[in-house]
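Computed from the coordinates by the stated procedures, all read-outs in this text should not be read as laboratory data. All values derive from a computational prediction rather than experimental measurement. When we count neighbours, we look across all protein chains shown, and the Cβ atoms used for this are built from the backbone with ideal geometry, even at glycine.
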Amino acid sequence: MKNTPLILAAASALLLAACQSTPNYGAPPLPPGSSAVQPPPPAPSQPAPLVGTAGKLTQAGVGRYMDGLEANLRGTLRGQPVFVIRRGEDMLVVLPDSALFAGKDLGPSGSALLASIAAVLRYYDRTLLQVNGYTDTLGNDVQNLTISQDRAKLVMQALVGDGLAASRLEAHGFGATNLRFATGPDKAEPRNRRIELHIVPRPD
């Protein structure tokens, strides 16, 4: 046939084009108005557990030691309603009463929160802690002082129960003094009802 060479040439060209094209093995296009379901984001990584002790603490190494303590506290407490405040070489961990207590006692979430703090402080064992309790101005001064003292003692006992040496801790109640948010007398202010862990280095 006279057209045979032309037919063969056309067929070869089509076959060559098909071989050079990139196949699409992806998902078919979504219909109008629909959207792809995104996979959930990965869970945030948790800090690795601290084992043993950070070791001896010299006066020259206080800054680096407290840097490590601060970083581990912030990592452990990320997402919790807690404030970690660095003041020179001292540190303050502010724990709202609502995160700790259920009535007059520690709640389950409060106990778990203190256990996670204690795990860090067991490792950074060259530190001393003052457990300070505060209230708002609602009620009379005597009641507020008693409440703050009782709650500070509860927190200290929980930390000792979680493995901190009792010799490292003191508990104090200060009632409605040192308010974080100034109010008038006899005012309920949840942000003033709190426990503050004042952590100070203790060089060897």
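Backbone phi angles across segment 167-172, fed through the Karplus curve with coefficients 6.51, -1.76 and 1.60 (θ = phi - 60°), yield HN-Hα couplings of 5, 8, 10, 9, 10, 9 Hz in residue order; Gly and Pro are listed as x. DSSP loop trypsin sites (Lys or Arg not before Pro) in segment 98-204 with at most 10 other Cβ atoms within 10 Å of their Cβ, which ones? Within segment 98-204, the qualifying trypsin sites (Lys or Arg not before Pro) (loop, at most 10 other Cβ atoms within 10 Å) are Lys104. Label-to-label distance for Leu92 and Lys104 is 3.0 nm, based on points extended 7 Å past Cα in the beta-carbon direction.
Each residue, Gln80 and Phe181, gets one label point 7 Å from its Cα in the Cβ direction; the gap between the two is 2.1 nm.
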